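What follows draws every value from the coordinates through simple rules; no lab data is involved. Owing to the predicted nature of the structure, the values given are computational and were not obtained by experimental measurement. Heads up, the Cβs are rebuilt from the backbone with ideal geometry, glycines too, and the neighbour counts pull from every protein chain shown.
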Amino acid sequence: MNAQVSPAARRDVLRLPLLGRALKWRWGRLLLQVPLLALALLLVYDGFTGSALAAQNLATVLPWVHYRGVIVLALLLAGNLFCMGCPFTLPRTLAKRLSSRGPRFPRLLRNKWLALANLLLLFFVYEWLDLWASPLLTAWLIVTYFVAAFALEALFSESPFCKYVCPLGTFNFVYSALSPLQITTRSHDVCRTCVGKECLNGSYSAAPLIVIDQIGGDGQPTATHTNGPRGTLGCGTQLFVPQIKSNMDCIFCLDCVRACPHDNVALAGRAPGAELTRADALPKRWDMTLLLVALAFLGVVNAFGMVPPVYDLLQSIGQPLVALGWNAAAAEALGLLLVLLGGGVALPALLTLAAASLSRALGQNALALRETAAAFAPAFVPVGLGIWAAHYSFHFLVGFWTVIPVFQKFLADHGATITPDWSWGGVTDMALVGLVQGAALLAGFAASGYLAQRTAMRLYRRRAPLAMLPWLALILLLALAALWIFSLPMEMRGNVLFG
Ligand code: SF4
Ligand code: SF4
């Protein structure tokens, strides 16, 4: 059949001469995973055995200063590259091969509630235990990740860790909406007649299995292909390529590319954020809506945890409790929990409900509250990433070169004749750092405003200017709150002077 290639698939990275071949190669993912696994093991080793000073240990400097800055850049320039090279999924793959097919993940948990709860848990533990200041605890966190990924993969038939549990993956799923690449089909016609749907079902089979693609007029097969032990597992997060409309839940593993017997999967270029303008790109569920909005609010709350007013707030919550006989650590934990739950969940949930109700009233549209909130939630993705980028770029730029003396120290501790040069730091021009932060915030705010306006036009037509006001106000509130926080002195975590 002469299938027509879709316009999107004409910008297919997998068709590029060298890169395309490397990505499609059976072991292509390992090119990223093996170095990252080696790095993760190095961090765990240094975390357990190296210096207890955060600014002198790889386990704290690399994850808390560099990883987060790199991840935002990768998402904006290419896509979900961290999930693609995720070292935690290496033992997961092993578990999958070892395990007999287990049950599916419980239906009740097949949504984003657990992922949202884990994000909150990670932010809470990060602040409460000062993970950024503890190489040992950071090493334990990495070990916990490996164990959780392995256990969940061994227990369940799908890949619940990435899709429903992992907080890092959840962050990447949300913000890869702004990435310039997405998995898509080369031709829908080919998928329509595809028998095995290997992109989802996998092309792996313990014994060779002949799949018939076409039967001729005489009743005999005219086109077949064989699946066998050299094949690939299907999409772990259970995405079906012809139906993919966004990057949500896609870990960029490219298993679908390797499994498709018709070479019909493309990693296609697209306008960043294209999926945010589509009404049908994301499920209209409360968990998804709250995740998109709450993650933007959590960006503000997380940054708030590093500026002076947070200490006053925590004290005002903790002091009365200590006076009542509470232990100081428990009082601090409760204070942190209240700030996180209040600012990162309750406030966005209430404000989203209020904005959706107001929007419906002003727009005089019969759309249900859930659908209204779901329609506007994608507008919070750019401003959210702008806030996270502004925050992470601060640590990334200020501590950019700190990795050099920390590596030198690691080598010196293990016998190399080298003296760490602690004069390596990062960008010292705070005006420049502020400029980068301001640009990230402004770009996020402008893109979010544009998306809210587009959604309002789609839903309310002539009444759009009125109906979009509550959402614009909310987006503005977020951007201004972030601007205020970034104008305050922020803890320079991971820097040798402060670590
Ligand atoms: S992407 Fe490939 S395996 Fe999946 S339905 Fe289309 S042709 Fe079949
Ligand atoms: S197999 Fe699934 S998760 Fe992996 S790249 Fe394809 S669609 Fe994305």
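Here are the numbers for this structure:
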{"read-out": "Cross-link reach list, aspartates and glutamates versus residue 24, counting only Cα pairs under 13 Å and skipping chain neighbours closer than eight places", "value": "12, 255, 263"}
{"read-out": "Relative compactness, segment 95-253, computed as alpha-carbon Rg over 2.2 N^0.38 Å", "value": "1.31"}
{"read-out": "Relative contact order (%) - criterion: Cα under 8 Å, at least six apart; region: segment 49-197", "value": "38"}
{"read-out": "Relative contact order (percent, whole number), segment 283-499, Cα cutoff 8 Å, 6+ residue spacing", "value": "29"}
{"read-out": "Distance between segment 182-243 and segment 23-90 - C-alpha centres, whole angstrom", "value": "33"}
{"read-out": "Mean separation of Cα contacts under 8 Å, 6 or more apart, over the residue count of the chain: relative contact order %", "value": "18"}
{"read-out": "Residues with amide H under 5 Å from that of residue 226, placed H, sequence gap 5 or more", "value": "211"}
{"read-out": "Segment 1-272 - Rg over Rh from alpha carbon coordinates, Kirkwood radius", "value": "1.01"}
{"read-out": "Listed pairs 112/197; 112/284; 197/284; 163/197 exceeding 18 Å between Cα atoms", "value": "112/197; 197/284; 163/197"}
{"read-out": "Using alpha-carbon coordinates, inclination of helix 113-128 to the longest axis of the chain, degrees", "value": "30"}
{"read-out": "Loop chymotrypsin sites (Phe, Trp or Tyr not before Pro), segment 381-431 (other Cβ atoms within 10 Å of the site Cβ: 15 or fewer; DSSP)", "value": "none"}
{"read-out": "Which of 429, 213 has the fewest Cβ neighbours within 10 Å, and the rest in rising order", "value": "429, 213"}
{"read-out": "Between 0 and 90°, nearest 10: helix 328-341 axis offset from the chain longest Cα axis", "value": "50"}
{"read-out": "Stokes-Einstein diffusion coefficient of segment 283-499, Kirkwood radius over Cα pairs, 10 °C, 1.306 mPa s, in µm²/s", "value": "81"}
{"read-out": "Long-range Cα-Cα pairs in the chain (distance over 46 Å), rounded percent", "value": "15"}
{"read-out": "Rg [Å, one decimal], Dmax [Å, integer] - segment 180-288, C-alpha atoms", "value": "15.8, 53"}
{"read-out": "Computed log₁₀ I(q)/I(0) - Debye formula, equal Cα scatterers, no solvent, segment 347-467, q 0.16 Å⁻¹", "value": "-0.81"}
{"read-out": "Trypsin sites (Lys or Arg not before Pro) within segment 8-81, DSSP loop, no more than 16 other Cβ atoms inside 10 Å", "value": "26"}
{"read-out": "Three-way shape call for segment 301-406 based on the alpha-carbon gyration tensor, with the a/c threshold at 1.5", "value": "oblate"}
{"read-out": "Helix 469-486 axis, angle to the chain major axis (alpha carbon atoms, nearest 10°)", "value": "50"}
